Amino acid sequence: MEIGCGAGNAVFPLLTDIYDPRLFVYACDYSKTAVDVVKSTEAYDESRCKAFVWDLSSAELPSEVAPASVDIMLMIFVFSALHPDQWNQAVENAYRVLKPGGVLLFRDYGRNDLTQLRFKKARLLGDNLYIRGDGTRVYFFTNEELAEVFGKRFVVEQNAIDRRLLVNRKLELKMYRVWLQAKFRKPISAD
């Protein structure tokens with residue numbers, strides 16, 4: 001299951017590269033427009049994939065997915081869009097959807113990423129929480145915050161910082177990126 005599937009940039013490579021008939025991918029996003037893009041793509045096949053609108057921070061699980069039925073969940077640059085007040089509900093939802101022993105693969109913005117450093121003070125909503133020009137929020141995490149928030153329900157198997165220097169040779173720009181990458185496992189003996 002991919003939370004925040006956008007245009008299907010993870011979903012479609014999975015479906016194309018993995019030919020196992022047991023593979024079924026759930027693709028959800030907060031944006032109906034994004035889900036419509038996934039559904040209108042030629043590679044979309046409802047016998048192998050189900051795309052739907054769902055807010056990870058809502059009080060309800062999606063009707064399209066049975067509780068404790070997902071083996072692997074992707075959450076890539078999604079959690080940062082939530083307000084810190086929504087984190088516990090989002091973690092609980094991910095926990096409830098995953099099977100015991102299931103894995104949540106996480107990637108998001110780290111503290112002092114170039115994106116954060118470029119924000120003007122007027123865009124600051126709270127500690128490390130900003131608002132973009134399009135009205136969406138973005139939060140910049142530390143490993144300790146992730147361990148605290150996800151560690152309440154999950155076993156933290158990996159919680160790393162990915163620091164990269166990206167160089168645009170044509171524009172002669174150096175970009176310092178900081179991303180957090182984590183792997184959280186729902187305990188086998190989960191309730």
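The values are calculated or read from the model by the stated rules, or taken from the named source; none is laboratory data. Just so it is clear, the model here is predicted, and its values are computed rather than measured. In this analysis, Cβ positions are derived from the backbone assuming ideal geometry, glycine residues included, and neighbour counts consider all displayed protein chains.
Annotations
- Screening the candidates F184, F150 for the property of being assigned to a strand (DSSP E or B), modelled with pLDDT of 95 or more and closer than 28 Å to L61 by Cβ yields one hit, F184.
- A single member of A94, A90 is closer than 17 Å to A27 by Cα, in a helix (DSSP H, G or I), in contact (Cβ under 8 Å) with a residue 40 or more places away in the chain and not β-branched (V, I, T), and it is A94.
- Any hit, the stretch 51-71, residues being in contact (Cβ under 8 Å) with a residue 12 or more places away in the chain, assigned to a helix (DSSP H, G or I) and surrounded by fewer than 17 Cβ atoms within 10 Å (Cβ to Cβ): no
- Among residues of the stretch 128-147, those that are in a loop (DSSP other than H, G, I, E, B) and out of contact with any helix residue (DSSP H, G or I) (no Cβ under 9 Å at 6 or more places or on another chain), counted: 3
- Considering L125, L117, the condition of being modelled with pLDDT under 95, in a helix (DSSP H, G or I) and out of contact with any Cys (no Cβ under 7 Å at 6 or more places or on another chain) is satisfied by L117 alone.
- Every test in (1) within 20 Å of G102 (Cα to Cα); (2) touching a strand residue (DSSP E or B) at 6+ places or on another chain (Cβ under 9 Å) is passed by G6 save one, and that test is (1).
- Y26 being part of a strand (DSSP E or B) and surrounded by 13 or more Cβ atoms within 10 Å (Cβ to Cβ): yes
- Residue match in the stretch 159-169 (condition: closer than 22 Å to V91 by Cα, without any contact (Cβ under 8 Å) to a residue 40 or more places away in the chain and within 17 Å of the chain's Cα centre (by Cα)): yes
- Of T41, T115, all but one fail to be over 30 Å from Y176 (Cβ atoms) and either among the β-branched types (V, I, T) or surrounded by 13 or more Cβ atoms within 10 Å (Cβ to Cβ) (or both); the exception is T41.
- In the set G126, G133, only one residue is surrounded by fewer than 16 Cβ atoms within 10 Å (Cβ to Cβ) and either touching a His at 6+ places or on another chain (Cβ under 7 Å) or within 24 Å of I161 (Cβ to Cβ) (or both); that residue is G126.
- Scan of the stretch 153-181 for residues that are over 21 Å from L74 (Cβ atoms) and either basic (K, R) or not in a strand (DSSP E or B) (or both), ordered by number: R163, R169, K170, L171, E172, K174
- Residue selected from the stretch 97-114 under the condition in contact with a Ser or Thr (Cβ under 9 Å, 6 or more places away or on another chain) and not in a strand (DSSP E or B), by the criterion farthest from M175 (Cα to Cα): V97
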